[in-house]
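The block underneath contains the structure these notes are about, expressed in C-alpha cells.
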Amino acid sequence: MNFSRRDFLKLSGLALASAWLPPTPPEEALRQVQSLGRAVRTIYTYDQPSLTAHPLTIIPGDTVLNLYATALSNDDHYNRVWYETTGGYVYSGHIQPVRWEIQTPVTNVPAAGFLGEVTVPVTKARTFPNPRAKTVYPLYYATTYWVTQALVDDEKVVWYRIADDWTNAYTWVKAEDVRQVSPQELTPLSTSAADKRIEISLEKQSFQCFEDDRLVLDTLCSTGTYRRTENGKRIYGTPSGQWAITRKRPTRHMAGDDLAAADFYDLPGVPWVSYFHWWGVSLHGTYWHNDYGAPHSHGCINLPPATAKWVFRWSLPVAGLDRKSTEGKGTPVIVY
C-alpha cells in the first residue's frame, strides 16, 4: 500500500512536528484555477514544460482542462508558452483558451435572426431540438452562427435554430450555450485615422496594424503552410503582394472543395472574416489551434478570435451584423 506524506504523519504520530517539515507538495495542495483550456486534439501532459520532457498521460481532444499557471520553456522554439494543469504541463499551442459562461436564453428571436457566439468550451449542433438527437457538428468556444428561431421543448429547455451558410441546412443548439452579439460590439474603431494598413510577414509570422505609420497592433499569426522553394525563396500558401480588404462576414462555414482530399477541412462558425484576395484568402478567428508563430493554414491568416474581431472593427470597409457580406475597397494588406 502506498501512503501519502499526510498519511505517514498521521500514522507515525509526528503530526505535532509537522511545522518543521517541508511544505505540502503542490500535487496535494489546493490550487486556484486561473483559466480554462480545451485540448484541440489528443495531446500529452509532460513532467516539465518542454517538448523534450517525459510524457505522462494522454488527454483526448475536446477535454476541458483547469489551467493553474503559465510557464516558459527553455526550448529554442517559436512558442515557449506552456500551461500547468492537473498531472503535468501541456503545450499552449494545442490548447484553446476558453470560458464557461451560461447564458439567459432569448425566446423572441427577431424575424431577421441574430448573430450568436458560443460561450462554453464545446456544445453540439443537433438535427432536432432534443438532447438525444444526432449530433451534426461540435460547436466550439468563440465561434459564431446565425440564430433564426427559438423553441422551448417539453422539459422547458430553450433551443436555438441556427442556419448553416455552407450546407444551407438548419441545426439546433442549446440556447444557454450561445449569447446574442450586440451591434455596439461592432462599433468601428479609430475612425479618425486617415491612413490605416496591415502588414504580414510570412517569414516572421508577424501581424501588424498601423495608423499613420504608428504601430497599433503587433502580434503573431499563422499563415499558409510552406509549399516549395523557388530561387532560394520559400513560398507559402498565402499570396504575397499588396492587397486590400474587400469583403467581410461576421461568420463563415469554411470547407474544402474535395471531400476525398487528404487536406480536406470542414470548419463551421469561423468568426470575424475579412477577405483580401480573390482566392478567398482572409483574416479570421481560429479555434482549431492556438499555435501562432508558425504556418498552419491553407492560405488564410489565422488569428485568435478576439484579435480577429478587433481587426474586423478597426479596418475598412465598415461592417456590422449583416447576414450578407459587406463589400467595398478597404484597408490595404501588405504580405511579404
Summing -39500 (n - 2.57) over every DSSP H run of at least 4 in the chain, dividing by its residue total and rounding to the nearest 500, the 222 nm mean residue ellipticity is -1500 deg cm²/dmol
Under a 5 Å amide H to amide H cut-off, with H placed in plane at 1.01 Å, what residues pair with Tyr236 once short-range neighbours are removed? Arg227
Tell me which of Ile95, Val158, Thr191 sits at the most positive position along the dipole axis of the chain, charges placed on C-beta atoms (Lys, Arg +1; Asp, Glu -1). Val158
Which whole-Hz ³J(HN,Hα) couplings does segment 89-99 yield from phi under the Karplus relation 6.51 cos²θ - 1.76 cosθ + 1.60, θ = phi - 60°, glycine and proline marked x? 10, 10, 6, 5, x, 9, 10, 7, x, 9, 9
Among Arg132, Arg126, which comes first, second and so on when ranked by fewest other beta-carbon atoms within 10 Å? Arg132, Arg126
I'd like the distance separating the alpha-carbon centroids of segment 40-93 and segment 128-162, in whole Å. 32
Say each of Tyr170 and Ala193 gets a label point 7 Å from the Cα, pointing the same way as Cα to Cβ; how far apart are those two points in nm? 4.1
Gain in span if fully extended, Thr52 to Leu321, counting 0.36 nm per residue against the direct Cα distance: 92.2 nm
Relative frequency of Cα-Cα separations exceeding 37 Å in the chain, percent: 28
Anything over 27 Å Cα to Cα? Flag those among Lys124/Lys324; Lys134/Lys156; Lys196/Lys248; Lys156/Lys309, in the order listed. Lys156/Lys309
Would you order Tyr68, Tyr83, Tyr137 from fewest to most other beta-carbon atoms within 10 Å of each residue's own beta-carbon? Tyr68, Tyr137, Tyr83
Treating only the Cβ of Lys, Arg, Asp and Glu as charged (+1, +1, -1, -1), what charge dipole size does segment 114-181 show about its Cα centre? Round to the nearest 20 debye. 160
In debye to the nearest 20, the charge dipole size for segment 196-335, taken about the Cα centre with +1 at each Lys and Arg Cβ and -1 at each Asp and Glu Cβ, equals 320
Please list, ordered by chain and number, the residues whose modelled amide H lies under 5 Å from the amide H of Gly299; skip anything fewer than 5 residues away on the same chain. Gly224, Thr225
Taking the Cα centre of the chain as the origin, how large is its charge dipole in debye, to the nearest 20, when only Lys and Arg (+1) and Asp and Glu (-1) carry charge on their Cβ atoms? 340
Quick check: the angle from helix 305-314's long axis to the longest principal axis of the chain, C-alpha only, nearest 10 degrees? 30
Based on the alpha-carbon gyration tensor of segment 196-335, what equivalent-ellipsoid semi-axes (square roots of 5 times the eigenvalues) come out, in whole Å, largest first? 22, 20, 14
Please label the shape of segment 31-98 as rounded, prolate or oblate, based on the square roots a ≥ b ≥ c of the eigenvalues of the alpha-carbon gyration tensor (a/c under 1.5 means rounded; beyond that, a/b larger than b/c means prolate, else oblate). rounded
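Laboratory data are not the source of any read-out in this text; all were calculated from the coordinates shown. Since the structure is predicted, the reported quantities are computational estimates derived from the model, not experimental observations. We place every Cβ from the backbone using ideal geometry, glycine too, and count neighbours over all the protein chains shown.
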